[in-house]
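The values are calculated or read from the model by the stated rules, or taken from the named source; none is laboratory data. Predicted, not measured: the structure shown is a model, and the values here were computed from it. Note: ideal-geometry Cβ built from the backbone for every residue, glycine included; neighbour counts use all protein chains shown. Areas reflect the complete protein model, heavy atoms only, side chains present, ligands, DNA and RNA absent. Shrake-Rupley method; radii C 1.70, N 1.55, O 1.52, S 1.80 Å.
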Amino acid sequence: MTIAICPGSFDPVTNGHLDIIQRAAEIFDQVIVAVGHNPGKTPLFTVEERMALLERVIGEARLTNVRVDHFHGLQVEYARAQKAQVIVKGLRALSDFEYEFQMALTNKKLAPEIETVFMMTANEYSFLSSSMVKEIVLFGGNPDGLVPPVVLTALHEKMEKRGRING
Ligand code: ADP
């Protein structure tokens, strides 16, 4: 049985992420979407909130071989602990390539038995990132079609709450 992990921040999950998760679910027996705790980033959503949104979206897409988890530390250590053979990454623009290339080679050195597999982004999501979506909502725009409806609602609630705290 092939187990793959899809690691990331997912702050919050976008249709670009979902596209990669769906495609991974068609290829691998089991997919674990793993939300990383990144001490270097200040996320909008807590890890629990990000996991809950992923679970909703994955449930709605009826991806029965996908589950959601979170991890601290190195992706390869987490992959090993889950007995995963593959790490799946999405590639958007050239700008993703250099970082992902470096990361894949480093991970190969740390855990030669784990393979990193890259999937090219879908054309319509090639420009899409979580930070872009957050900016659109922050400035009053509508990221329709870029995130699942449940995520859009969560974004509006979060921004409203922040607005109340700040103003
Ligand atoms: P970001 O914060 O940059 O949106 P994440 O760390 O949450 O990204 O990304 C998790 C994984 O999903 C990474 O492998 C990333 O390359 C991939 N990914 C993110 N957005 C897209 C997209 N629009 N198309 C394809 N892959 C994507």
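Before moving on, here are some points about what is shown:
- For a paramagnetic label modelled on residue 150 (point 7 Å from Cα along Cα→Cβ), amide N atoms under 11 Å away belong, within the stretch 24-65, to 51-63.
- Inter-part distance where the stretch 1-68 and the stretch 103-129 are each reduced to a Cα centre, Å: 15 Å
- Cα→Cβ-extended label distance, 7 Å offset, between residue 72 and residue 160, nm: 3.5 nm
- Most to least packed among 30-39, 60-69 [average Cβ atoms within 10 Å]: 30-39, 60-69
- Dipole magnitude for the chain: about 300 debye, using +1 per Lys or Arg Cβ and -1 per Asp or Glu Cβ, origin at the Cα centre.
- In terms of packing, defined here as the mean over residues of other Cβ atoms within 10 angstrom, the peptides 115-125, 93-103 line up highest first as 115-125, 93-103.
- Here the relative contact order of the chain, from alpha carbon pairs under 8 Å that lie six or more residues apart, stands at 28 percent.
- Here's the picture: a label point sits 7 Å out from the Cα of residue 23 along the beta-carbon direction, and within the stretch 112-129 the residues with their amide nitrogen under 16 Å of it are 116-129.
- Accessible area of the stretch 3-126 belonging to carbon and sulfur atoms, whole % at 1.4 Å probe: 55 percent
- Rg then Dmax, both in Å and based on the Cα atoms of the chain: 15.9, 53.
- Counting only protein heavy atoms and a 1.4 Å probe, the stretch 3-126 has 53 square angstrom of accessible area per residue.
- Principal axis dimensions, the stretch 1-46 - Cα atoms, whole angstrom, descending: 35, 21, 13
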